[in-house]
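Reading through the structure tokens given below for one structure.
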Amino acid sequence: RIRIALAVIAVLSSFSRPSSAHPAPFSFLDLVIGEESIQGILVLHVVDVAHELGIEPADRLLDPGEVARVRDRVVALISPRVTISADAAAPIQWLGMEPAADRHGVLLRFRIPVARTGSLRILTRLFPYDPVHQTFVNIYERDRLRQQMIFNAGSDEQVYYTGSTQGALAVLRTFIPIGVHHILIGPDHILFLIGLLLLGGPWMALVKIVTAFTLGHSLTLSLAALGIVTPPARIIEPAIALSIIFVGADNLMRGSGRDVRAWVALAFGLVHGFGFANVLREFGLPAEALGWSLFSFNFGVEIGQLAIVLLVATALATIRRRSDVMGHWVARAGSVVVMAAGTYWFVERVFFPGGA
């Protein structure tokens, strides 16, 4: 079904091109991931190859003798325009080339001598002279079509994660650092956490707060990443700022009543999860490893979050041990700073969206 859909796209696109252009401005790349190597087949339209090599008429490339004569020139032309990188560095070994009359093209075989890989990074820009040229990529594992990609002149590199232990490890290596990095460079998320910790308390109470925040943002992160619930950033970002204002105000107004910070963390964690999802969506989730990528990103967020909590909670506890008065002053002053920062972000995100 997928191949039929691609064929329909190709036909429809051919009708949209000027009559002077050839009717199939497409290349096709098949990659078969094996235990000892990656086998590849690249099919190039004769009009594209003939244009680049100055061959007239283009149909000369359907003759086996002509194909044998220009094979090295085609390899020299294509090599710098095809990038396929596995976990371990290995060069593309170009093999034989033959005419593919049924596809009005030439078929070029190659292999990459690399053992079972965890990920593939792919980028093709085969014929830049043609701005609408597209390359359709099919990736196979164990005789099954696992992923399809389409590249054009403006495409960026795409990553495929294999369905293997190596693939899962590659996802972990990629998305855990992204999660750590995001929480550490997200001042709004950090300030929300600090606001929850300012009043201190037993370690078990702090663990409950952090756990509640984790449960909240994990739930909405998953829902948004899966496309089940996707509220727009113009709503979520101001709501995150409001959550920071609320935490600061709650610290200042709270008396000796029941500690509800865990419930506050859970409720606003739901909002922050959508903020995490916006970042993850911009980075891109690999469909073939969606579960692992979600888990890895969230785990990275938790690592960064735990580092922040340990540092802040330890510092605040040290201050309180030395002076209750100083601890009380730090909590109140910190809450004012939290409220001020939240107010600034709220105004910026509501009235000056897209600003610095």
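The values are calculated or read from the model by the stated rules, or taken from the named source; none is laboratory data. On a predicted model such as this, the values are computed, not experimentally measured, just so you know. Here the Cβ positions follow ideal geometry from the backbone for every residue, glycine too, while neighbour counts run over all protein chains shown. Quick note on the areas: whole protein, heavy atoms, side chains included, nothing else; ligands and nucleic acids left out. Shrake-Rupley method; radii C 1.70, N 1.55, O 1.52, S 1.80 Å.
Residue count for segment 67-88 under the criterion of being in a strand (DSSP E or B), surrounded by 14 or more Cβ atoms within 10 Å (Cβ to Cβ) and touching an Asp or Glu at 6+ places or on another chain (Cβ under 9 Å): the result is 1. Being out of contact with any helix residue (DSSP H, G or I) (no Cβ under 6 Å at 6 or more places or on another chain) and under 23 Å from V46 (Cβ atoms) is the filter here; which residues of segment 79-97 pass it? Correct list: S79, P80, R81, V82, I92, L95, G96. Here I150 does not qualify as touching a Leu at 6+ places or on another chain (Cβ under 9 Å) and either charged (D, E, K, R) or surrounded by 17 or more Cβ atoms within 10 Å (Cβ to Cβ) (or both).
If a residue must be open to solvent by 10 Å² or more (accessible area, probe 1.4 Å) and in a loop (DSSP other than H, G, I, E, B), how many such residues does segment 117-129 contain? So that I can check it myself, show each step before the final result.
In the first step, residues of segment 117-129 are kept if they are open to solvent by 10 Å² or more (accessible area, probe 1.4 Å); the result is 119, 121, 123, 125, 128-129.
Now narrow it down to the ones that are in a loop (DSSP other than H, G, I, E, B): 125, 128-129.
Here the count works out to 3.
Go through the residues of segment 259-274 one by one and say whether even a single one is modelled with pLDDT under 90 and under 24 Å from M326 (Cβ atoms). The answer is yes, given that some residue of segment 259-274 is modelled with pLDDT under 90 and under 24 Å from M326 (Cβ atoms).
Taking the listed residues R116, R111, R69, the one that is more than 23 Å from R144 (Cβ to Cβ) and among the basic types (K, R) is R69, with no other qualifying.
Looking across segment 181-195, not a single residue is in a helix (DSSP H, G or I) and free of Cβ contacts under 8 Å to residues at least 60 places away in the same chain.
Under 6 Å by Cβ, and 6 or more places apart or on different chains, what pairs join a residue from segment 258-270 that is closer than 18 Å to A239 by Cα with one that is of a type in the set (K, R) and surrounded by fewer than 19 Cβ atoms within 10 Å (Cβ to Cβ)? Partner pairs satisfying both residue conditions: none exist.
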